[in-house]
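Report on the following structure.
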Amino acid sequence: MTILVTGSAGFIGSNFVLDWLADHDETVVSLDKLTYAGNRENLASLDSDARHHFVKGDIGDTRLVSSLLEQHRPRAVLNFAAESHVDRSILGPEDFIQTNVVGTFHLLEAVRAYWGALDEQSKADFRFLHVSTDEVYGTLEVQAPAFTEEHPYQPNSPYSASKAASDHLVRAYHHTYGLPVLTTNCSNNYGPYHFPEKLIPLVIRNALAGEALPIYGDGQQIRDWLYVKDHCSAIRRVLEAGQVGETYNVGGWNEKANLEVVHYICDTLDREAPRADGLSYREQISFVKDRPGHDRRYAIDATRLERELGWRPAETFETGIAKTVRWYLDNQAWVENVASGAYREWLSQQYA
Ligand code: NAD
Ligand code: TYD
């Protein structure tokens, strides 16, 4: 048996593939375009593993995807591939439309053709699992109940709008063509291999480098944080037992304001890697101009996943952050490798 995983060299995809092969002997075919966010090094530990085949390529390349499907005959396709950074989508939305909307469409077309030619049993057993985000639901008032799967789609950024479009295409391929799809909508992840342009790895990197810790606006925007390996276990569970055509919200019941998150990371670093001058890393916090259209609050109600599939996260925010900070302290060479010229150019453009 084989699964095809797209976006496997990115943050969540690489954690997923590493965890999968730590637990299963089922072969993984990895497809990744290796954009600035994709890093072959994340999967380097699998280089001599016969259960893993890495292919550099685009989900929008129908000929390539069709030939991979024909050659490897996967029982499931898991789509992690996306442009994923809200701030980049504000500066330049086009790549988001190309990959998240057009790319997902081409991927679905290739998968539909492959699936349509399978025998009846393989057709029934096949799954297309689409990895999506809670940002498709828009923003919440502070007192409002958390997003359920029934919450209307109200995306506010080019990123979330492009993800919403891809979710709708996936849904339509199920209703129109009968493709056996599953969709997960997850809250903000953090953990190993997180590219350091996102809040948590950015703060750890900048703190250790003696640089400013930029907080947008008043820092009171709320996100619902989930340790990446808990997201991966939820995806495995949905793939295994999710009801075809359903969507599942994934979250950690860990709502925190950004400023609280940054304070918590500073305090952890103060203990684990104190500044030479004895002052707290909190001294480096700097309030900067807010993100345009910044969503105030996300919160996930993951009751369906818990009630129907028995999934719960293993980590609390405190245990997850402790592991994450430790990973970044132990892997500073990884951070410096991904912090290439393109990354530095991005930093100077974003925080000018
Ligand atoms: P990421 O940006 O770290 O990784 C995305 C990967 O996709 C990269 O390796 C990149 O090279 C690859 N890619 C981009 N365009 C491609 C294309 N056209 N063809 C093939 N590969 C391509 O993102 P991530 O944080 O790992 O997110 C993975 C998925 O999970 C995304 O779909 C994202 O929307 C979703 N998601 C992320 C979070 C989060 O907090 N990071 C939360 C919920 C959902
Ligand atoms: P981010 O990691 O970009 O995830 P998302 O926008 O998908 O939620 O940002 C998390 C939160 O942190 C978000 O409210 C924006 C905020 N933020 C900052 O305050 N400063 C920063 O430098 C970054 C990158 C994000």
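The values are calculated or read from the model by the stated rules, or taken from the named source; none is laboratory data. If you're wondering where the values come from, they're calculated on a predicted model, not measured in any experiment. Virtual Cβ from ideal backbone geometry, glycine too; neighbours counted across all protein chains shown. Just so you know, the surface numbers come from the protein's heavy atoms only, side chains and all, with ligands and any DNA or RNA stripped out. Shrake-Rupley method; radii C 1.70, N 1.55, O 1.52, S 1.80 Å.
Which residues, taken from the stretch 28-53, are more than 24 Å from residue 132 (Cβ to Cβ) and either touching a helix residue (DSSP H, G or I) at 6+ places or on another chain (Cβ under 6 Å) or open to solvent by 30 Å² or more (accessible area, probe 1.4 Å) (or both)? Give the steps one after another, and end with the answer.
Applying the first criterion (more than 24 Å from residue 132 (Cβ to Cβ)) to the stretch 28-53 yields 40-41, 44-53.
Within the stretch 28-53, 40, 41, 44, 45, 47, 48, 49, 50, 51, 52, 53 qualify.
From the list 109, 150, which one is open to solvent by 70 Å² or more (accessible area, probe 1.4 Å) and of a type in the set (Asp, Glu)? Walk me through how you get there before you give the answer.
Details: 109 fails: open to solvent by 70 Å² or more (accessible area, probe 1.4 Å).
One residue alone meets the criteria, 150.
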I'd like to check which strands (runs of 3 or more DSSP E) are fully inside the stretch 188-275 and have at least 1 residues that are among the β-branched types (Val, Ile, Thr). 213-216, 222-224, 247-250
Some residue of the stretch 281-303 being in contact with a Cys (Cβ under 8 Å, 6 or more places away or on another chain), free of Cβ contacts under 8 Å to residues at least 40 places away in the same chain and surrounded by 15 or more Cβ atoms within 10 Å (Cβ to Cβ): yes
Which number in (1) acidic (Asp, Glu); (2) within 21 Å of residue 220 (Cβ to Cβ); (3) without any contact (Cβ under 8 Å) to a residue 60 or more places away in the chain marks the one condition that residue 330 misses? (2)
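Is it the case that the stretch 225-242 has a residue that's over 22 Å from residue 17 (Cα atoms) and more than 13 Å from the chain's Cα centre (by Cα)? Let's see the steps before the verdict.
Of the stretch 225-242, the ones over 22 Å from residue 17 (Cα atoms) are none.
Among the residues of the stretch 225-242, not one is over 22 Å from residue 17 (Cα atoms) and more than 13 Å from the chain's Cα centre (by Cα), which makes the answer no.
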Subset of the stretch 66-86 [touching a helix residue (DSSP H, G or I) at 6+ places or on another chain (Cβ under 6 Å), over 16 Å from residue 127 (Cβ atoms) and more than 9 Å from ligand 1 (Cβ to nearest atom)]: 66, 86
Checking 183, 176, 148 in turn, the sole residue that is under 16 Å from the mean Cα position of the chain (by Cα), more than 10 Å from ligand 2 (Cβ to nearest atom) and at pLDDT 95 or above turns out to be 183
Is it fair to say residue 206 is more than 30 Å from residue 77 (Cβ to Cβ) and either more than 13 Å from ligand 1 (Cβ to nearest atom) or touching a residue at least 40 places away in the same chain (Cβ under 8 Å) (or both)? yes
